[in-house]
Amino acid sequence: DEVYVMNADGLNVRRLTNDPSDDANMTWSPDGTRIAWETNRQGDFDIWIMNADGSNPTGLTVDPADDGWPTWSPDGTKIAFDSGRDGNWDIYVINVDGTGLTNLTNDPGFDSAAAWSKDGSKIAFISDRDGGVDIWVMDADGSNPMNLTNDGLADFFPSWSP
């Protein structure tokens, strides 16, 4: 799998990655100048970033566990992602220069699918920490987690309204 881009009309298709690895789940930086994606080019899945034209691909996370589903903070300075590096899936955040890796959820439950609020102050995510798969929200630093749905159903992939 590779990362491609094209015009909205389907023209000018351009391949941005060229590696025998699996490349998936790409996401644009808020200013449109960079792309983050997950790739297993080092054996396990890690988060990489590159310029929007495919130049300067750089590994952002390196860990023997899988990292995936990157999402940019609204100001473009951080990337939240899922990782199993502590033995279960948690939401982590890292600065785009590779510093400041922080486990935000640090819970024995399965936490995934981070979505930043438009102002960057909150992150919504899914978790099974209360038994079902629910939508949760927390402050962007991981504090004050709160179950929003808690309805006994499987709730997935939160998204903030504009």
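Please verify whether Trp89 is hydrophobic (A, V, I, L, M, F, W, C), under 15 Å from the mean Cα position of the chain (by Cα) and open to solvent by 70 Å² or more (accessible area, probe 1.4 Å), treating the condition exactly as stated. Taking the combined requirement at face value, the residue satisfies it. Cβ-Cβ contacts under 8 Å between residues 6 or more apart (or on different chains), taken from a first residue in the stretch 1-22 that is open to solvent by less than 100 Å² (accessible area, probe 1.4 Å) to a second residue that is of a type in the set (Lys, Arg), are listed as Glu2/Arg15; Val3/Arg15; Val5/Arg14; Asp19/Arg41; Ser21/Arg41.
Restricting attention to the stretch 37-59, the residues that are touching an Asp or Glu at 6+ places or on another chain (Cβ under 7 Å) and part of a loop (DSSP other than H, G, I, E, B) total 4.
Here's the yes/no breakdown for (1) assigned to a strand (DSSP E or B); (2) on the phi > 0 side of the Ramachandran plot; (3) modelled with pLDDT of 95 or more:
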position: Pro20; (1), (2), (3): no, no, no
position: Ala24; (1), (2), (3): yes, no, no
position: Ile35; (1), (2), (3): yes, no, yes
position: Ala65; (1), (2), (3): no, no, no
position: Ile79; (1), (2), (3): yes, no, yes
position: Asp86; (1), (2), (3): no, no, no
position: Tyr92; (1), (2), (3): yes, no, yes
position: Asn106; (1), (2), (3): no, yes, no
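Restricting to the stretch 3-32, what's the tally of residues that are within 16 Å of Asn95 (Cα to Cα) and of a type in the set (Val, Ile, Thr)? Residues that pass the stated criteria total 1.
One residue alone among Asn51, Asn12 is at pLDDT below 95 and either within 14 Å of the chain's Cα centre (by Cα) or of a type outside the set (A, V, I, L, M, F, W, C) (or both), and that residue is Asn12.
Selection of the stretch 108-135 for residues being part of a strand (DSSP E or B) and open to solvent by less than 20 Å² (accessible area, probe 1.4 Å) yields Asp111, Ser112, Ala113, Ala114, Ala115, Ile123, Ala124, Phe125, Ile126, Ser127, Asp134.
From the set of residues in the stretch 26-58 that are acidic (Asp, Glu) and touching a residue at least 24 places away in the same chain (Cβ under 8 Å), which is farthest from Met6 (Cα to Cα)?
Selected residue: Glu38.
Taking Thr58, is it surrounded by fewer than 16 Cβ atoms within 10 Å (Cβ to Cβ) and within 19 Å of the chain's Cα centre (by Cα)?
So Thr58 passes the test.
The values are calculated or read from the model by the stated rules, or taken from the named source; none is laboratory data. Bear in mind the structure is a predicted one, so any value in this text is a computation, not a measurement. So basically every Cβ, Gly included, is an ideal-geometry build from the backbone, and we count neighbours across all protein chains shown. These area figures cover heavy atoms from the full protein model, side chains too; ligands, DNA and RNA do not enter into them. Shrake-Rupley method; radii C 1.70, N 1.55, O 1.52, S 1.80 Å.
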